[in-house]
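Everything on this sheet refers to the single structure shown next.
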Amino acid sequence: MQDLLTAPAAPYLAVILAIAAGLTLSWLVRRLVLKLNRKNTALRETSRKARLPLRFAMCLIGVRIGLALTSADEEWWQIVDHALLVALIGCLAWLGIAVLHIIEALVLSRYRVDMADNRRARRLRTQVILARRIGVALIVVVAVGSVMLTFPAGQALGAGLLASAGLFSIVAGLAAQTSLTNVFAGLQLAFTDAIRVDDVVVVEKEWGRIEEITLTYVVVHVWDDRRLILPSVYFTTTPFENWTRRRSEVMGTVEFDLDWRSPFEAMRGELKRILAETALWDERVGILQVTDAVSGYVRVRILVSSSDSASLFDLRCLIREELVIFLQQNHPTALPHVRIETTAPAAAKTRPEAKRAPLVSAADDRPRHPADPHDSQMFAGSIEAVARSRAFSGPGEEVFEDREKAITAQDKPEADEG
């Protein structure tokens, strides 16, 4: 046995046997875990994430043991052993992260979010995701620190950092004040249940769903497929609307401005028919009320409820469309009307319009004087205007009589000569 361990080919043989043993052991571990949880189909699908890091870790452990038994006195042993140790730390960190992903998948598989009342599932989903991310960050930090401690220079650096920890913490705290604020705000959001993944919120006058919650920011999926990225501290310092804080059921309104002749009872009957024929209504609330009647219109408000916000939006659109068609086809007088009333001038109501005599005779086309010169409308509105009207009224009755006599006298001699 001693000769076998000291043979020149012993290191190579040890490496081969160690790799074979590591692969076999990792296969046995995986088969044992799956057999103990054979009823859990989700574990079989997610356990593949840990297959590669488990194999590498087992092989590295076997190789280190094999080389330590066969080549501990060799000059290259220290360098190879240190490299294997660093690789083993990296594989163990990789395995730890994979295990966290498996635990997350197993927990989330037990709580479905595609249900009507999924508040508890969404809350647990948010907390598990954030806990997994925190765990991944801790594993990475520990792994990097462990690798640094394997170097002699790294140990000295660690001692120096510990000696100046007070000054370093003050400088780091001032430099990363905003980032640390967002980190603590993210932790607060995760464990105070203020928002959860898939919550319906209204932020910055935008309607959307919480798509992702990290330690530093929150992603809101806006209704038009845009993404609104907000820092975590926003949700701890700024008021916002959460439509699914306690339950997913919500209520909404549909409003109409109609004429005063609107048939409210007929509209209520049509509303009942629409709600009875659609699956968007959750049968909790469905009423029609007149909420205002001023400014020439009657405001009709319809209050309905639905199982979630998406169904509520579709239900409101359906009610609005169906009732508009109903009023157009059956009650067109209920549609909004604008009424305009015309009245005669005040002067025309007080006295009849003055009659004017024709200025031209139909028989001989000779000019005639008006019946009343003072009826002229050139000047009116005051006593001075009436006086001016008299001054500009033209010749009087005597002037017209003299002109007629002169014309008659001229026509008489001509008749005598004939």
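What follows is calculated from the coordinates using simple rules that are stated; it is not laboratory data. Keep in mind the model is a prediction, meaning the values are calculated, not measured. In this analysis, Cβ positions are derived from the backbone assuming ideal geometry, glycine residues included, and neighbour counts consider all displayed protein chains.
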* To do: Please label the shape of the stretch 236-291 as rounded, prolate or oblate, based on the square roots a ≥ b ≥ c of the eigenvalues of the alpha-carbon gyration tensor (a/c under 1.5 means rounded; beyond that, a/b larger than b/c means prolate, else oblate).
  => oblate
* Loop-located trypsin sites (Lys or Arg not before Pro) in the stretch 180-220, at most 11 other Cβ atoms within 10 Å (DSSP) -> Lys205
* Asked: So what are the ³J(HN,Hα) numbers for the stretch 249-260, from phi and the Karplus equation (6.51, -1.76, 1.60; θ = phi - 60°), rounded to whole Hz, Gly and Pro as x?
  -> 5, 9, 10, x, 10, 10, 10, 10, 9, 10, 6, 5
* Please identify the chymotrypsin sites (Phe, Trp or Tyr not before Pro) of the stretch 196-296 that satisfy two criteria: DSSP loop assignment and at most 14 other Cβ atoms within 10 Å. Which are they? -> Trp223, Phe240, Trp260
* Asked: At what distance in nm do the modelled label points of Lys205 and Ile340 sit from each other, each positioned 7 Å from its Cα along Cα→Cβ?
  -> 3.5
* **Residue order, fewest to most beta carbons within 10 Å, for Glu212, Glu283** => Glu283, Glu212
* Structure fact -> With a Förster distance of 56 angstrom and the Cβ-Cβ distance between Leu303 and Ala68, calculated FRET efficiency to the nearest 0.05 equals 0.15
* Within the stretch 246-280: backbone nitrogen closer than 13 Å to the Val324 label point (7 Å, Cα to C-beta) -> 255-257
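Give me the extension gain from Asp193 to Ser295: residue separation times 0.36 nm, minus the current Cα-Cα distance, reported in nm with one decimal. Before the final figure, lay out the partial values.
On the way: separation 102, 0.36 × 102 = 36.72 nm, distance 4.59 nm.
Result: 32.1 nm gained on full extension.
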* To do: Would you mind getting me the FRET efficiency between Phe313 and Thr181? Use the beta-carbon distance for r and R0 = 25 Å, nearest 0.05.
  => 0.10
* Asked: Relative to the present Cα-Cα distance, how much length would full extension add between Glu401 and Leu149 at 0.36 nm per residue of separation?
  -> 77.1 nm
* To do: Go through the stretch 75-107 and name the chymotrypsin sites (Phe, Trp or Tyr not before Pro) that are in a DSSP coil and have 12 or fewer other Cβ atoms within 10 Å of their Cβ.
  => Trp76
